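Below is one structure, written out as structure tokens; comments come after it.
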Amino acid sequence: MKKYFTVGPSQIYPTVPQHVITGMDTDIMSLSHRSEDFKRLFQHTVDSIKQLLNIPENYTVLFLSSATECWERILENCVVKDTFHVVSGAFSTKFYEASVNMKKKAQKYEFHGQNFKPSSISQDCELITMTHNETNNGIMIPMDELYRLKLGLPRALIALDMVSSTPYVEIDFKYIDCTFFSVQKGFGLPAGLAVLILSPAALQKARDVEGLNRSLTVYRRFSSMKTYADKQQTFETPNVLYLYLFSKVVKDMLQKGIKTIREETQQKAQLLYTFLKSSPRYSVPQQNPRFRSQTVIVANVKHGSAKILTKLKDKGFIVGGGYEKMKDHQIRIANFPAHSVEDVEELIELL
Ligand SMILES: *Cc1c(COP(=O)(O)O)cnc(C)c1O
């Protein structure tokens with residue numbers, strides 16, 4: 001069996017194959033999305049993810065198809081005009097570009113991993129966006145920086161992309177209004193499902209914006225999604241299998257304990273960084289440990305990454321290359337809950 005250390009899609013969480021079989025045995029794929037069984041599954045999924053991530057009771061959990069979709073839905077539902085974007089890599093750039101494409105007045109602050117100092121944010125700013133963990137370059141922004149931003153601009157909503165750091169990152173949700181992730185990274189599931197968590201303030205803003213944005217179709221409105229979510233359903237016919245698998249993996253993670261998962265993540269990150277820094281072949285691009293990712297380990301490779309990646313592949317270890325123009329110069333190693341300490345030790349041995 002191959003081991004996928006790619007950053008997404010990544011290694012499947014170890015219990016997933018058994019859950020697929022159980023799902024088949026219980027006819028999950030034929031389950032009506034208006035049935036009582038579905039409503040129970042929906043509610044159970046919402047309750048479990050709230051418990052795992054410590055999401056406040058009065059926040060709303062919605063299911064969408066991708067993080068990319070979340071960027072657009074948040075912008076069209078929660079913003080009339082002004083946005084501000086902390087841009088720390090490829091994915092936060094895409095969030096910023098989505099705002100530009102939607103003809104918003106988008107400002108940005110570029111962060112390169114030293115001295116986090118976003119400034120001159122307009123007092124009219126309606127939404128500030130940030131990516132907690134940049135999957136292309138391994139820059140991570142500590143949550144207290146985001147909380148500080150919110151305290152300085154209490155009227156702005158905060159949107160946080162936490163795709164490649166959930167469930168590792170611990171969040172105080174009272175500072176954040178729109179939080180989202182897709183499941184093919186930290187949850188070890190196939191792609192195609194995203195979770196969007198909205199504060200009461202985000203939903204209120206969405207209701208205000210709805211009256212002004214006439215092009216926003218009913219299906220894309222947070223208010224319609226919320227109406228259905230309150231009935232433990234989705235507007236459209238959802239992929240019930242994905243929801244089922246997600247609920248099962250969250251349950252497994254609850255059983256393992258989020259504290260253990262977080263500690264193991266740190267332990268594996270430490271093993272990897274210690275090795276990479278001690279080896280003459282590799283170096284770590286993010287100098288400041290305060291802004292260095294724990295879940296996406298990026299390393300420069302002195303004589304190019306292609307040969308190493310091929311050798312690893314021959315041994316059954318699939319590791320990611322660098323992102324776009326760094327493709328041949330870096331490797332990226334995912335450190336998600338599906339990766340065991342033993343897998344990481346074995347990988348280090350091979351590296
Ligand atoms: C992978 C990724 C995305 C995109 O996720 P999709 O589910 O493909 O839309 C967005 N943000 C970050 C930080 C990512 O790592």
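The values are calculated or read from the model by the stated rules, or taken from the named source; none is laboratory data. In this text the structure is predicted, and so the values were computed from the model without any measurement. In this analysis, Cβ positions are derived from the backbone assuming ideal geometry, glycine residues included, and neighbour counts consider all displayed protein chains. In case anyone asks, the SASA skips ligands and DNA or RNA and just uses the protein heavy atoms, side chains included. Shrake-Rupley method; radii C 1.70, N 1.55, O 1.52, S 1.80 Å.
With the convex hull constructed from alpha-carbon coordinates only, segment 78-230 shows a mean projected area of 9.3 nm² over all directions. Take the alpha carbon gyration tensor of the chain, find the square roots of its eigenvalues, order them as a ≥ b ≥ c, and report rounded if a/c is under 1.5; if not, report prolate when a/b exceeds b/c, else oblate. Since a/c reaches 1.5 but b/c is at least a/b, the shape of the chain is classed as oblate.
A cut-off of 5 Å between modelled amide H atoms, ignoring neighbours fewer than 5 places along the same chain, links Y109 with H85, V86, V87. Cα centroid separation, segment 185-261 to segment 1-66: 11 Å. Loop-located trypsin sites (Lys or Arg not before Pro) in segment 240-291 (DSSP state other than H, G, I, E, B) with a sparse environment of at most 16 neighbouring Cβ atoms within 10 Å: R281. Here segment 1-113 is treated as a Stokes sphere of Kirkwood radius computed over C-alpha pairs; at 4 °C and 1.567 mPa s its diffusion coefficient rounds to 72 µm²/s.
Computed in the context of the full set of protein chains, the accessible area of the chain at 1.4 Å probe radius has 51% of its extent on carbon or sulfur.
With the cut-off at under 13 Å, measuring from each backbone N in segment 243-268 to a point 7 Å along the Cα-to-Cβ line of E345 picks out 268. Placing pseudo-labels 7 Å out from each Cα toward the beta carbon at S223 and I21 gives an inter-label distance of 4.9 nm. For the set R332, R148, the ranking by accessible area, highest first and with no ligand, DNA or RNA atoms included, is R148, R332 under a 1.4 Å probe.
With the cut-off at under 15 Å, measuring from each backbone N in segment 128-148 to a point 7 Å along the Cα-to-Cβ line of S122 picks out 128-129.
In a fully extended conformation the segment linking T260 and H303 would gain 11.8 nm over its present Cα-Cα distance, using 0.36 nm per residue.
Which of the pairs K248/K327; K3/K150; K277/K315; K39/K185 have their Cα atoms more than 32 Å apart in this structure? In this structure, K248/K327; K3/K150 exceed 32 Å between Cα atoms. Highest GNM mean-square fluctuation among S215, S305, S88, for the chain modelled with Cα contacts below 10 Å: S215. The residues of segment 258-351 have, on average, 51 Å² of accessible surface per residue, using a 1.4 Å probe with all protein chains present. On the beta carbon distance between R40 and Q287, with R0 = 51 Å, the FRET formula returns roughly 0.55. For the chain, adding -39500 (n - 2.57) for each run of n ≥ 4 DSSP H residues and dividing by the number of residues yields -12500 deg cm²/dmol at 222 nm. With Cα atoms as the point set, the radius of gyration and Dmax of segment 9-71 evaluate to 14.1, 36 Å. Taking packing as the residue-averaged number of other Cβ atoms within 10 angstrom, the listed peptides 18-25, 220-227, 177-184, 80-87 run from highest to lowest as 177-184, 80-87, 220-227, 18-25.
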